Amino acid sequence: MSKDTPCVAVCIIDPKSKLCFGCGRTLPEIARWHAMDSAERLAVMALLPARMNQAGLTPIAALPRRT
């Protein structure tokens, strides 16, 4: 995945927190990601670790890339 995305290709939404287990983004953030400018993306990415921690979620590790 690119440096401009927190995506680890594990797209599973936690029903309680509404956050992705892989990256910590919400569905609206995921949907708008490609429309966001770089500054907005960086701002969201800066919030993700604390957001996941506050929700009590441990990020799921990235899936191995297929060759």
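Summary table
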read-out: Distance (nanometres) between label positions extended 7 Å along Cα→Cβ at Leu42 and Ile30; value: 2.6
read-out: Accessible surface of the chain, 1.4 Å probe, proportion on carbon and sulfur as whole %; value: 62
read-out: Label-to-label distance, nm, for residues given as Ala55 and Ser17 (7 Å Cα→Cβ offset); value: 0.5
read-out: Cα gyration tensor shape for segment 7-67, rounded if a/c is under 1.5, else prolate or oblate; value: oblate
read-out: Around Asn53: net Lys/Arg minus Asp/Glu count, Cβ-Cβ under 15 Å; value: +2
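The values are calculated or read from the model by the stated rules, or taken from the named source; none is laboratory data. Bear in mind the structure is a predicted one, so any value in this text is a computation, not a measurement. When we count neighbours, we look across all protein chains shown, and the Cβ atoms used for this are built from the backbone with ideal geometry, even at glycine. What goes into the accessible areas is simple: the full protein's heavy atoms, side chains included, and nothing from ligands, DNA or RNA. Shrake-Rupley method; radii C 1.70, N 1.55, O 1.52, S 1.80 Å.
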